[in-house]
Structures are given as structure tokens and as C-alpha cells.
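What follows is a single structure, written as C-alpha cells, with notes after it.
Nothing in this text is a laboratory measurement; each read-out follows from the coordinates by a stated rule. If you're wondering where the values come from, they're calculated on a predicted model, not measured in any experiment. Neighbour counts are summed over all protein chains in view; Cβ atoms, including those assigned to glycine, are modelled from backbone coordinates with ideal geometry.
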Protein chains: 2
Amino acid sequence: MNTRIVLTKRPSGWVDESCFAVQDCAEPVGGPGDVLLEAIYLSTDPYLRGRMNAGPSYAPGFEIGKPIVSRVVARVIASGNSRFAVGDVVWGFLDWALRSVVPRGEGLHKIDTTLGRISHAVSVLGMPGLTAWVGAIEIGQPAPGDTAYISSAAGTVGQLAGQFAKRAGARVVGSAGGDDKVDFLRDRCGFDAAFNYKTGSIDEALAEHCPQGLDLYFDNVGGSTLEAALRHARVGARIPVCGMISAYNEVDDPGIKGLQALLTKRIAMTGFIIYDHVHKLAAYQARVAPWLRSGELVFQEDIVQGIEQAPAALIGMMKGEAIGKRLVQVAAE
Amino acid sequence: MNTRIVLTKRPSGWVDESCFAVQDCAEPVGGPGDVLLEAIYLSTDPYLRGRMNAGPSYAPGFEIGKPIVSRVVARVIASGNSRFAVGDVVWGFLDWALRSVVPRGEGLHKIDTTLGRISHAVSVLGMPGLTAWVGAIEIGQPAPGDTAYISSAAGTVGQLAGQFAKRAGARVVGSAGGDDKVDFLRDRCGFDAAFNYKTGSIDEALAEHCPQGLDLYFDNVGGSTLEAALRHARVGARIPVCGMISAYNEVDDPGIKGLQALLTKRIAMTGFIIYDHVHKLAAYQARVAPWLRSGELVFQEDIVQGIEQAPAALIGMMKGEAIGKRLVQVAAE
């Protein structure tokens, strides 16, 4: 039998396991032109929380009783489609299921297995990596000598955003929710400083670690962290806005105080969504893959084994228990 | 005797006349190299409110018992300085006084009287005009077919920002606090639509006048107007932030709700201060002066007569009673 993960109810506030069910389900059957896949890695990403809500977001919501969908790395196990051969490794937005069928192979991307690990196609060499690049480099425009502050710095995007800003000559400071993550940022990712936002005041930490103030704040969280960054921003600072996980809808949004800093300090605050930048992916991969191979760029993955662990793995990622990119491996490579 | 306007106490909330005194004072005496001036026009500007506070802003605060200072258009009545001759018309940041002396003529700018009216040097052909240009054109980047919304649209900067965006091909919608101002925007400045924000819901007005949403919001006010603009913004909207008069300090700042729109709609919100752009003034003047002479560009002034009227004129400007640029004329041209 096949196995899948479905959404059983919409969460209010924190997600817990009662929102999911691990279900046996029918083996997929393909017709002419279709592609049959065996999933290898399921990607867990912060944006999935928004898709569990009923309201519209920038991506459509999940349906109750239907599978969770995210980026999945998979192997072609049968193909009626000339573009895909058995054994090809691909990624696409796929159901969380051991096996699935993709009509006419639409939306599947072949993974170039020479570039890096196949799991990297949904992280450092995929859209999350490009997210870090566009935010930290294209929008953030770090200059040598700048100070860049990254929140959620030990996450998939944050670890890369910090390393990219560092390569551009910035002094890089990161915050994360655990001492082990802080050690990871300093000792493995080469951040100049890092702090645990859960054990002290963000204002005091920024005053200590960024005494000259911030030229770039890569915003992954919004809320009081953004307010602190506005207070510590220097004249001309750039704030790429990549995530605002601290407020999902305007009803319970406490608002952001201190936006006058945009004016008094001539700050540019720019939201972006990576789907607008898809056309840059190949050039990004060509630039970054050699750094990854040489070890100049560090990328941390946190791989949980077994599809039945997928709900707990996703919830744990949302609660911040993972260092780096959390994946669920459901078949051998 | 000479006459001047001094700040007698710091306002809390709305400014009233008890914050000012009209004082007799000594005639200024110049030494070698100094320039003696007779004031002609005193400029009233929204930013002056911030300078009445004790706290630091982006410009230094006024001192109690000392004159108000703003841009003043003046005539040279005596000069010990080879750069200035008697009869030259100049502008500078000068005391609000009938006559004053400027040591070594520092900070005085000679006005090219062939460009336009001499009063224009502190408005449409000066820094306020350049403010409208940088915000509406350089930061706002209006494209033909865009919809641009301007708050405080009947003010010095707003009337120009709207006309500049219109020249760039945008459909222009303005809001102001009075039906006479709305008529002025529609009938004289060529705005496609305008509404009185005091007599209805901004959300409903934006829904009616900008049914496709906003591509550009020139923010002169912050607060709930900014929140409404974020709700009505289209994907890729630009928000040049020129003023946030609705909140002066973070203590009583209610915060801005709905900033998630920056992310979901990829909005760029960019604060600017015109002092960073001073080097562009000559090119701006050369571009705009012909439009003003030909009548293609409308610029409305509201001129109050007599230095003793200056406090009331300033307070009235802050309360929104003027259409266009309010000046106080204290001597004949």
C-alpha cells in the first residue's frame, strides 16, 4: 500500500499533530504521458504554515482531507512521457506520499545530479537558496564594511543569507533561538557574531554586536525583531523582507512601531517573493554550486527518517528545533 | 526697530499662539565679510513642527527664547562680502526677523530671478519641489498606466508630486482635508480624481477611485492612510515615504498594521530626506522652470501678509487651512 500525509483540520495558533493524519492510500495509476514517482525527500518550509490557513495567502491553501504539498525530491519509477526516463531524479510541488503520479509530468524539474546532493535541489541550489541571494545581495546590496543582521539565521535561508553577505564584505551578525544554533553560526558559518534571542534583549544584543548600527537587516520574522532592527538601523539601511512569521493576518496584528525611522534614516524596506525571480535560478546555481563543492559555502541539513515522522518533523521545524534545512527522507537515494 | 518671532515654549500636541512671541529686537550689525538682509518671504513647512520638540530629529531643534528659523527669501541691503551685492535676492535658513545679518554670507544662495517668481526658490523651484520629484519620480518610478495616490495632495509637495506622476503617464488620485482642496486638485492640477479624507472612509474612497489598486503611494502622513494604501496596493507597488506627520515619536506610536503586505505584494517602501539629494537641484530647476513658465505645471501659493501674522500663518498651515505653499510676506519684492 501507498502512504500519505493529509491535513485533517486547520490549526489555530500553533500546529499540533492532531492537524495531520498518516493514511494508507491507493497506489497511483498513470495514463499515457504521465510520470510515476517515488518520493525521496519531503521539504519542510516555514511558508507551509500559511497554506494551512483558510484565507488567501500568496500561495493557495491546502484542502482538508487532502495531502500536504511541498517541494519533493523524487525518482521516476515509471514514465509514459518522453521527457522523463526511469531513474531520473526530479523535484516538483508534490503530495506528501510515498508514490504519486504527475499527469503529463507537468511541473516536474529534472535535477542535475552533478551540481550537488540531490536534496540540495530544494534548498541551497533551489528556490530557498535563491531567496537568500536575492534578499541578501540584490535587495540588501551589502558593501564591504557594512554590518548585516540576519534573523532566523540558522534556518535554511538565514544561514545562506549571512554567508552571502559575508562574501560581499559585510560584517555579519545572526540571531537564532538556541545556543547550539548560535555556535553553528559562529563556528561553522563564519558569522562574525551571533546571539540567542530567547535569552536576552534583542536591543541589548544589537547594541553589543552591532555598535555601529545596521546597514542591512534581512527580515525573516517581522514583529519586535523588526522594531529593534529599525531602532538600530543606520542611515541608508536596506531591509529585505523575506518573512513575517510573527503576524499572519491584520486582525491580530499588533502593528510595527517606529516606522518613522524609514524617513529619518532613509531606510528602504522591500518585500519580495521568490516566484518573481525564478528566471535567475540557473545562473544562481552555476555561481553557488562550486562554492558548495569546495566547502567555501556551508550548508546544514537536518534529515528526519520516515514518512510517518513527517508531521512531527514539520511541527518541530516550525517550533525552531532544527538547525538548517529540515527534510524528511522517505526512501533511499 | 527690528521685529522677530521667537519660540517661547515647546508645544505638546497641537501648536497654539502661546508658543510664540512677536518681539521687538535690535537692528543687526554686520562686520567685515558679513551680509545684511531684509526678509521678503518666510517659508512655513510641515517639518518645522518636529523642530519645536526637544528631542533629536533629522534637523536640530529650536531653542526656547530664540527665533524660529526656516527658509527665507531676502534682499541684500548691505554687504561686506564680494560674493553678494546690494539688491541681490537670496535664500537661506534664516531667523524669522525683518532684518538679519549672516556672518560671511555663509549658507546664502543667490536666486536666479530669471527662473520664476523669487518665492519659488523656496518651493516649486527649491527643495520642496525637488522633494516631490525625487519621491514621485525617482523612488516612485511611475510607469504609463500606473495609478498613483498622493496624500496631503494640496500641500506644497503633494500638488507637485501628483503633477509629476501625471506627466510620467500615471493616473493620479489625491486626498486632502477640504472640498476646496479637492476642487483645486481636480480643476487646477489635473488630478484624475481627488477626495476629502475628512468626510468619508479612505478605504471606500480608494476602492472607488482606484478600482485597480495602487502602483505608487506618495506617503506624506503615515498612520491609517498608510495602512489603507497598503491594503489597496497592487503587486510591485512603490511607497516613497516623505512624511509621517501622524506619529512623531515611538512612545505614542500606535504602529502600522498590515505590513505583511510588503511581502505578499512585494512592495518597496523607501524613506528619503531631501538633503541627500541637494546636488540634483540645478538639474531639477532647469527641467521644471520651463513647465512652470508655460503654465503646463501649476503651483499654488497662499501668501499671508505681515510678520506679526507669522505664528498664526504657521499654525494654520499645520492645521491644513492653506491650499498650496504658505508663505508670510514681510516686505515688498
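With label points set 7 Å from Cα along Cα→Cβ, the inter-copy distances at residue A:295 are 7.8 nm, sorted shortest first. Using C-alpha pairs under 8 Å with a sequence gap of at least 6, the mean separation divided by the residue count of chain B gives a relative contact order of 17 percent.
Take every pair of alpha-carbon atoms less than 8 Å apart whose residues are at least six positions apart; their mean separation over the length of region A:284-333 yields a relative contact order of 40 percent.
Among B:253, B:88, B:146, the largest mean-square fluctuation in a Gaussian network model of chain B (Cα springs under 10 Å) belongs to B:253.
What the phi angles of region B:185-197 give under the Karplus curve with 6.51, -1.76 and 1.60, with θ = phi - 60°, is a coupling list of 5, 6, 8, 9, 8, x, 5, 6, 7, 8, 9, 8, 6 Hz, glycine and proline written as x. Ranked from shortest, the separations from the 7 Å Cα-to-Cβ label point of residue B:145 to its equivalents in the other copies are 4.3 nm.
Amide H contacts under 5 Å for residue B:111: B:89, B:90, B:91, restricted to partners 5 or more places along the chain or on a different chain, H placed in the peptide plane at 1.01 Å from N. Taken as entire DSSP H runs, the helices of chain A that both span 18 Å or more between Cα atoms along their own long axis and average 0.0 or more on the Kyte-Doolittle scale are A:281-294.
Of the cross-linked pairs A:198/A:257; A:257/B:166; B:265/B:319; A:9/A:280; A:265/B:181; A:66/B:257, those separated by over 28 Å at the C-alpha level are A:257/B:166; B:265/B:319; A:9/A:280; A:265/B:181; A:66/B:257. A Cβ-based charge dipole, computed about the Cα centre of the protein assembly as shown with Lys and Arg at +1 and Asp and Glu at -1, lands at about 1140 debye. The ranking of B:180, B:219, B:24 by Cβ neighbour count inside 10 Å, starting from the fewest, reads B:24, B:180, B:219. Amide hydrogen proximity for residue A:171: with H placed 1.01 Å from N in the peptide plane, the residues at 5 or more positions away or on another chain lying under 5 Å are A:145, A:146, A:147, A:148.
In this structure, the amide hydrogen of residue A:326, modeled 1.01 Å from its nitrogen in the peptide plane, lies closer than 5 angstrom to those of A:44, A:302, counting only residues at least 5 positions away or on a different chain. Charging the Cβ of each Asp and Glu at -1 and of each Lys and Arg at +1, and nothing else, the dipole of region A:36-169 about its Cα centre rounds to 160 debye. Highest mobility in the GNM of chain A, judged by mean-square fluctuation with C-alpha springs under 10 Å and restricted to A:171, A:83, A:104, is found for A:83.
Think of the axis that spins chain A onto B; the A residue whose C-beta lies nearest it, and the distance in whole Å, is A:255, 1. Considering only A:279, A:316, A:269, the residue lying farthest towards the positive end of the dipole of region A:224-316 is A:269, judged by Cα position with unit charges set on Cβ. Sorted from shortest to longest, the distances between the residue A:47 label points of this copy and the other copies are 4.0 nm, with each point 7 Å from Cα along the line through the beta carbon.
Based on Cα contacts under 8 Å between residues 6+ apart, region A:71-197 shows a relative contact order of 16 percent. Ranking of A:133, B:96 by neighbouring Cβ atoms within 10 Å, starting from the fewest: A:133, B:96. The dipole here belongs to chain A: it is taken about the Cα centre, uses +1 on the Cβ of Lys and Arg and -1 on the Cβ of Asp and Glu, and is about 680 debye. Of the residues B:173, A:111, A:14, the one whose Cα sits farthest towards the positive end of the charge dipole of the protein assembly as shown is A:111 (charges of +1 on Lys and Arg Cβ, -1 on Asp and Glu Cβ, taken about the Cα centre).
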